[in-house]
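Structure record follows, encoded as structure tokens.
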Amino acid sequence: MAAGLVWFCRAIVFMRPGNFQTSARLRVLLLVGGSLILGIFFTLPSRCQSPAESTESSVTTQTSLKPLTLDELVNLIKQHKKDTQAVLSSVRERSVDFDLDEKTEKKLRKAGADDQLLPEIWKATPKGKASLASLLTTPTGNDIEAPAAQALALQDIQAAGDPRSALELAGDFEKKYPDSSLLSYVYTSEARAHQDQGSLDQAIESARKSLKLDSDNTFSLIILAVALTQPKALKGSSQEVAARLQEADSDATRALTLLDKLKSRPGETDDQFQQRKGALAADAHFALGSVSMQREDYDRALTQYQLAIASTSKPTFQYYYRLAEAYASIGETSKAIDALRKASDLARGTPMQKYVDDFMAELRSR
């Protein structure tokens with residue numbers, strides 16, 4: 001490296017809402033990721049240096065760039081208890097060589113780290129930087145820039161434990177940040193929450209809002225395609241139904257194309273990534289199969305339902321149930337019953353098992 005060369009790395013953004021209050025909150029933060037944009041600036045020497053000066057400068061630069069150890073950071077916090085900005089500057093410039101867990105958090109808090117400083121330290125940890133490399137990245141791999149407060153708020157929505165909480169947080173986000181670059185992904189979470197509640201019209205509305213802001217939001221495309229093909233959503237005139245089916249067909253087809261650009265998450269093994277990608281593909285094929293059933297194109301429906309089952313290691317009972325419907329529609333009763341047996345096994349112990357078994361009994365009586 002040239003003498004006097006200095007690299008400055010700037011972490012642009014990170015995701016999480018509100019105060020960083022408890023160790024439990026910290027653990028949530030550690031599990032969720034984000035995207036990191038690094039600005040690297042090269043400052044060249046302003047004058048010629050002698051070999052001795054050059055060597056001394058190089059050593060100084062290497063030392064200044066060495067990540068802070070936990071003990072060094074603790075001492076730094078103690079020395080600058082009234083000057084948090086000085087600590088932040090050092091953390092951002094040098095990063096740290098440890099990860100944040102309950103033990104290190106306790107030690108840092110004892111030294112004087114507060115709820116404002118801890119998230120900044122987390123961003124500089126090895127795990128934090130890896131997580132940031134994915135969370136503020138679109139499904140197709142593009143970086144998103146957003147203020148930390150907005151990113152953190154989105155993370156809370158995604159981590160919400162139930163649909164109602166997710167919807168409340170999403171509503172708060174939209175009111176507080178109406179022009180946020182993250183709104184498409186807030187609406188994705190909102191659409192999924194509505195879908196989980198069985199509110200298809202609201203799920204469709206939220207997914208459409210998401211896609212207006214990012215037409216390549218793969219997750220919203222799939223949610224919308226699946227919702228549009230549900231019997232409860234296919235209402236209105238024949239023209240309106242046909243339009244919804246065409247929209248679902250286009251969205252699912254587009255999603256399958258975009259899945260080729262899907263990025264793995266930090267710490268995700270290739271096998272885990274392929275399983276996640278396969279599950280998304282399965283839902284897209286399932287939507288295409290449902291479109292074909294409504295159009296009475298049973299051969300295409302069979303193909304798409306079979307692709308849905310083949311795409312994932314964990315097919316749902318719905319995949320086999322719809323496959324059975326397609327077989328029954330072309331008179332392949334024995335194949336339909338075989339599919340229903342698998343659906344019944346997957347639905348065992350749930351109210352849906354009786355629904356599946358009743359259909360199977362009906363076919364056997366024919």
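Below are the figures for this structure:
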item: Efficiency of FRET from Cβ geometry, Lys110 and Leu88, R₀ 25 Å, rounded to 0.05; result: 0.85
item: Residues whose placed amide H lies under 5 Å from that of Arg295, excluding near-sequence neighbours; result: none
item: Magnitude of the charge dipole, segment 178-236, Cβ model with Lys/Arg +1 and Asp/Glu -1, debye to 20; result: 220
item: J(HN,Hα) series, segment 172-181, from Karplus relation 6.51 cos²θ - 1.76 cosθ + 1.60, nearest Hz, glycine and proline x; result: 5, 4, 4, 5, 7, 10, x, 10, 5, 6
item: Förster-model FRET efficiency, 35 Å R0, Ser365 and Ala310, C-beta, rounded to 0.05; result: 0.70
item: Extended-chain gain in nm, criterion 0.36 nm per residue less alpha-carbon gap, Thr350 and Gln246; result: 34.2 nm
item: Segment 100-116 - phi-based ³J(HN,Hα) in whole Hz, Karplus 6.51/-1.76/1.60, Gly and Pro as x; result: 8, 9, 4, 5, 5, 4, 4, 5, 5, 5, 4, 6, x, 5, 10, 5, 7
item: Length released on extending from Ala160 to Lys78, taking residue separation times 0.36 nm less the Cα-Cα span; result: 26.0 nm
item: Which of Asp338, Asp214 is most accessible, then next, and so on - probe 1.4 Å; result: Asp338, Asp214
item: Rounded percent of accessible protein surface that carbon and sulfur make up, segment 326-366, 1.4 Å probe; result: 50
item: Where GluC sites (Glu not before Pro) fall in DSSP loop in segment 69-171, at most 14 other Cβ within 10 Å; result: Glu145
item: Trypsin sites (Lys or Arg not before Pro) within segment 149-242: DSSP coil, no more than 13 neighbouring Cβ in 10 Å; result: Lys235
item: Segment 98-224, accessible area per residue, ligands and nucleic acids excluded (1.4 Å, Å²); result: 44
item: Distance in nm between pseudo-label sites at Asp196 and Arg295 (7 Å out along the Cβ direction from Cα); result: 3.3
item: Full-stretch length increase - Ser237, Asp71 - with 0.36 nm per residue and alpha-carbon distance subtracted; result: 52.8 nm
item: Computed E for Gln230/Ala149 - FRET, C-beta separation, R0 51 angstrom, nearest 0.05; result: 0.90
item: Cleavage-rule hits, GluC sites (Glu not before Pro), segment 226-330, DSSP coil, Cβ neighbours within 10 Å at most 12; result: Glu296
item: Accessible surface, 1.4 Å probe, highest first, among residues Met293, Met352; result: Met352, Met293
item: Cross-link table Lys263/Lys314; Lys107/Lys263; Lys106/Lys209; Lys277/Lys342; Lys107/Lys176; Lys82/Lys106, entries beyond 31 Å C-alpha to C-alpha; result: Lys107/Lys263; Lys106/Lys209; Lys107/Lys176
item: Furthest towards positive pole of dipole, Ala284, Thr229, Ala170, structure part segment 151-285, Cβ charges; result: Thr229
item: Taking segment 175-315 and dividing mean pair separation by its residue count, relative contact order in percent (alpha carbons under 8 Å, at least six apart); result: 18
item: For segment 301-347: relative contact order, % (alpha-carbon pairs under 8 angstrom, 6 or more apart); result: 38
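The values are calculated or read from the model by the stated rules, or taken from the named source; none is laboratory data. What you are looking at is a predicted structure, and each value in this text was computed from that prediction instead of being measured. When we count neighbours, we look across all protein chains shown, and the Cβ atoms used for this are built from the backbone with ideal geometry, even at glycine. Protein only, heavy atoms only, side chains kept; ligands, DNA and RNA dropped before computing areas. Shrake-Rupley method; radii C 1.70, N 1.55, O 1.52, S 1.80 Å.
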